[in-house]
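Student: Right, I'll just put the structure down here and ask away after.
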Amino acid sequence: MTKIVNHWIGGKTAEGASGTHGPVTNPATGAVTTKVAFASVEEVDAAVAAAKDAYRSWSRSSLATRTSILFRFRALVDAHRDEIAELITAEHGKVHSDALGEVARGLEIVDLACGINVQLKGELSAEVASRVDVASIRQPLGVVAGITPFNFPAMVPMWMFPLAIACGNTFVLKPSEKDPSAAVRLAELMTEAGLPDGVFNVVHGDKLAVDRLLTHPDVKAVSFVGSTPIARYIHTTASANGKRVQALGGAKNHMLVLPDADLDAAADAVVSAAYGSAGERCMAISAVVAVGAIGDTLVEKIRERAEKIKIGPGDDPTSEMGPLITKAHRDKVASYVENAAAEGAEVVLDGTGHTVDGYEDGHWIGISLLDKVPTSAKAYQDEIFGPVLCVLRTETYEEAVDLINASPYGNGTAIFTRDGGAARRFQLEVEAGMVGVNVPIPVPVGYHSFGGWKDSLFGDHHIYGNDGTHFYTRGKVVTTRWPDPADAPTGVDLGFPRNH
């Protein structure tokens, strides 16, 4: 019997009533293992109504109440991390170690939420005028929504809802319909931790569900992570409906390798950053820019390492890379490699014909390495979201930085060098929101915010960290004047002397 994933509304399972379901496949086998219920407008409205009703009391709950629940939630996720990782592997395909890493990164933001009392401290200016004080405080928004991608079905939701809930909001999550089970399990653990019914809700679906969240009058803010075209649509539509929006889009992350770099360290780093999680991550390094005469040596070192990566099902402990999420996505990724030579690139490794014995119907693709890629090639211009690495050549540092800055994306970038002065110039001159110096994937820790520039971010706030707290709250300034108690009306004795 096929498993069915239903919604989570008001603290309990809500069976899908629309009659519409989507298939969830095991990427390693290609078999449909699960059906996920797609929400109707009425079901989305029910989730928002449950969140709105819960907000009345949750927004007035104490910080101690909120953080104690989040501490219990953190302990439960930690205790169930293997189970959550198994759900991720079964529906996404990534290897178990990558799935465990995803859960660990999500827990970093839960840690931040557990300490929200520090983040929400206000400010006070005393005696700005005679007996007048001014205080700044931050208050929650109301019902907020999150729309999350398939590539990190546990981590990205945990980048959103723990912080939003800690700030006093209630939350409606619309996870990817391709791998929905992890989100529902997190909702169950939140309830087990003592979260009141309706504070956290999960609805599944497609564009219909998304559009209802973007236009619903009771949704005050929307967080999104996904591709640039959809991020732009989310930002435009939700903003037009009066909502606060943070919409994180796609990327084409470059790694600049200078002639003085440790090429073995650079090759190790780029293989991990380009091919880890099968390249299905917005912080993957998908373009290497080799400066000067090092290009041939660097490409050979990358090839040697890439050929050793063991590709197989995610639940096999010996696998280092799993399949792609769907057959359609696998075919799209392969098309960039198949057309690369005609566009002027040199195909060093072609992984399009890769298969795994015993799993012939899985969504497999091998490692691909393209050298001397022209900037006009589609493989360079597009976010591929698969295990395809482009290598570009420049003669100078200045030419390399100009090439990187010409990209419409500005998510993350990295430089590999032994020269501190060059690294300092790069971190100031490059047009990207996150920069790594001898660090290939510069994802910031939870108490620093994550987000890119240009077409990689729509909206004013990055996600989590201080930006996340500000996004999920709004400021209020209170100016107070109290008369001196010595000026109390005649006949009222408060014990204060009259000769002040």
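The values are calculated or read from the model by the stated rules, or taken from the named source; none is laboratory data. Please read all numbers here as calculations on a predicted model, not as lab measurements. Cβ: placed from backbone, ideal geometry, glycine included. Neighbour counts: every protein chain shown. The accessibility values were calculated without ligands, DNA or RNA, using every heavy atom of the protein model including side chains. Shrake-Rupley method; radii C 1.70, N 1.55, O 1.52, S 1.80 Å.
Student: Could you please give the count of residues in segment 9-30 that are assigned to a strand (DSSP E or B) and of a type outside the set (D, E, K, R)? I'd like the intermediate steps shown before the answer.
Tutor: Filtering segment 9-30 down to residues assigned to a strand (DSSP E or B) leaves 9, 12-14, 21-25.
Subsequent filtering for residues that are of a type outside the set (D, E, K, R) retains 9, 13-14, 21-25.
Going through segment 9-30 one residue at a time, the tally reaches 8.
Student: Can residue 380 be described as hydroxyl-bearing (Ser, Thr, Tyr) and in a helix (DSSP H, G or I)? Quick ask: steps written out before the conclusion?
Tutor: Details: hydroxyl-bearing (Ser, Thr, Tyr): yes; in a helix (DSSP H, G or I): yes.
Taking the combined requirement at face value, the residue satisfies it.
Rundown of residues vs (1) within 21 Å of residue 176 (Cβ to Cβ); (2) open to solvent by less than 10 Å² (accessible area, probe 1.4 Å); (3) of a type outside the set (Phe, Trp, Tyr), yes/no style:
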position: 73; (1), (2), (3): no, yes, no
position: 94; (1), (2), (3): yes, yes, yes
position: 97; (1), (2), (3): no, no, yes
position: 112; (1), (2), (3): no, no, yes
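Student: Looking only at segment 273-307, count every residue that is within 30 Å of residue 86 (Cα to Cα) and touching a strand residue (DSSP E or B) at 6+ places or on another chain (Cβ under 9 Å) and tell me the total.
Tutor: The qualifying residues number 14.
Student: Among 238, 278, which is on the phi > 0 side of the Ramachandran plot and surrounded by 23 or more Cβ atoms within 10 Å (Cβ to Cβ)? Show your work before the answer.
Tutor: Details: 238 fails: on the phi > 0 side of the Ramachandran plot.
Being on the phi > 0 side of the Ramachandran plot and surrounded by 23 or more Cβ atoms within 10 Å (Cβ to Cβ) holds for just one of 238, 278, which is 278.
Student: From 106, 101, grab the single residue that is part of a helix (DSSP H, G or I), open to solvent by less than 50 Å² (accessible area, probe 1.4 Å), of a type outside the set (A, V, I, L, M) and free of Cβ contacts under 8 Å to residues at least 40 places away in the same chain. I'd like the intermediate steps shown before the answer.
Tutor: Working: 106 fails: free of Cβ contacts under 8 Å to residues at least 40 places away in the same chain.
After ruling out the rest, the residue left standing is 101.
Student: Hey, could you check segment 1-28 for residues that are open to solvent by 50 Å² or more (accessible area, probe 1.4 Å), more than 19 Å from residue 182 (Cβ to Cβ) and not charged (D, E, K, R) and say which is modelled with the lowest pLDDT? Working first, answer last.
Tutor: Step one: filter segment 1-28 for residues open to solvent by 50 Å² or more (accessible area, probe 1.4 Å), giving 1-4, 12-13, 15, 17, 19-21, 23.
Narrowing further to those that are more than 19 Å from residue 182 (Cβ to Cβ): 1, 15, 17, 19-20.
Filter again for not charged (D, E, K, R), leaving 1, 17, 19-20.
Values: 1: 66, 17: 94, 19: 93, 20: 96.
Here the answer is 1.
Student: Any idea which of (1) outside any strand (DSSP E or B); (2) touching a helix residue (DSSP H, G or I) at 6+ places or on another chain (Cβ under 9 Å); (3) at pLDDT 95 or above; (4) within 24 Å of residue 272 (Cα to Cα) is the one residue 444 doesn't satisfy?
Tutor: Failing condition for residue 444: (3).
Student: Related question: Mind counting the residues in segment 175-194 that are more than 20 Å from the chain's Cα centre (by Cα) and either open to solvent by less than 10 Å² (accessible area, probe 1.4 Å) or free of Cβ contacts under 8 Å to residues at least 12 places away in the same chain (or both)? Spell out the reasoning first.
Tutor: Quick first cut of segment 175-194, residues more than 20 Å from the chain's Cα centre (by Cα) only: 188-189, 191-194.
Remaining after also requiring either open to solvent by less than 10 Å² (accessible area, probe 1.4 Å) or free of Cβ contacts under 8 Å to residues at least 12 places away in the same chain (or both): 189, 193.
Within segment 175-194, residues that are more than 20 Å from the chain's Cα centre (by Cα) and either open to solvent by less than 10 Å² (accessible area, probe 1.4 Å) or free of Cβ contacts under 8 Å to residues at least 12 places away in the same chain (or both) number 2.
Student: Tell me whether segment 47-63 contains one or more residues that are among the acidic types (Asp, Glu), over 30 Å from residue 328 (Cα atoms) and buried (at least 17 other Cβ atoms within 10 Å of the Cβ).
Tutor: Taking segment 47-63 first, the residues among the acidic types (Asp, Glu) are 53.
Of the ones still in play, those that are also over 30 Å from residue 328 (Cα atoms) are 53.
Retained after the next criterion (residues that are buried (at least 17 other Cβ atoms within 10 Å of the Cβ)): none.
Within segment 47-63 (the criterion being among the acidic types (Asp, Glu), over 30 Å from residue 328 (Cα atoms) and buried (at least 17 other Cβ atoms within 10 Å of the Cβ)), the answer is no, since none of the residues qualifies.
Student: I want to confirm something. Restricting to segment 130-142 and keeping residues that are small (Gly, Ala, Ser) and in contact (Cβ under 8 Å) with a residue 24 or more places away in the chain, which single residue is least open to solvent (accessible area, probe 1.4 Å)?
Tutor: Here is the first cut: in segment 130-142, the ones small (Gly, Ala, Ser) are 130, 135-136, 142.
Still in the running and in contact (Cβ under 8 Å) with a residue 24 or more places away in the chain: 135-136, 142.
Details: 135: 26, 136: 42, 142: 4 Å².
Going through the qualifying residues, I end up with 142.
Student: Quick check on my filter: what residues within segment 416-441 are open to solvent by less than 40 Å² (accessible area, probe 1.4 Å) and assigned to a loop (DSSP other than H, G, I, E, B)? Reasoning before the result, please.
Tutor: First, the residues of segment 416-441 that are open to solvent by less than 40 Å² (accessible area, probe 1.4 Å): 416-417, 422-423, 426, 430, 432-434, 436, 440.
417, 430, 432, 433, 440 - these are the residues of segment 416-441 that are open to solvent by less than 40 Å² (accessible area, probe 1.4 Å) and assigned to a loop (DSSP other than H, G, I, E, B).
Student: Give the residue that is nearest to residue 87 (Cα to Cα), with candidates limited to residues of segment 308-354 that are open to solvent by 70 Å² or more (accessible area, probe 1.4 Å), in a loop (DSSP other than H, G, I, E, B) and not β-branched (Val, Ile, Thr).
Tutor: Filtering segment 308-354 down to residues open to solvent by 70 Å² or more (accessible area, probe 1.4 Å) leaves 308, 310, 315, 317-318, 320, 327-328, 332, 338-339, 342, 346, 350.
Within this subset, residues satisfying the condition of being in a loop (DSSP other than H, G, I, E, B) are 308, 310, 315, 317-318, 320, 339, 350.
Right, trim to not β-branched (Val, Ile, Thr) and you get 308, 310, 315, 317, 320, 339, 350.
Details: 308: 27, 310: 22, 315: 10, 317: 15, 320: 18, 339: 35, 350: 30 Å.
Residue satisfying both the conditions and the ranking: 315.
Student: Just checking, how many residues over segment 257-289 are polar (S, T, N, Q) and within 22 Å of residue 430 (Cα to Cα)?
Tutor: Just the residues of segment 257-289 that are polar (S, T, N, Q), to begin with: 272, 277, 286.
With the extra rule that they be within 22 Å of residue 430 (Cα to Cα), the set shrinks to 286.
Residues in segment 257-289 being polar (S, T, N, Q) and within 22 Å of residue 430 (Cα to Cα): 1 in total.
Student: I've got another one for you. Residue 123 versus (1) charged (D, E, K, R); (2) touching a helix residue (DSSP H, G or I) at 6+ places or on another chain (Cβ under 7 Å); (3) open to solvent by 10 Å² or more (accessible area, probe 1.4 Å): which is the lone unmet condition?
Tutor: It is condition (2) that residue 123 fails.
Student: Are any residues in segment 31-58 over 25 Å from the mean Cα position of the chain (by Cα) and either among the aliphatic types (A, V, I, L, M) or outside any helix (DSSP H, G or I) (or both), and if so, which ones?
Tutor: Within segment 31-58, 31, 32, 33, 40, 41, 46, 49, 50, 54 qualify.
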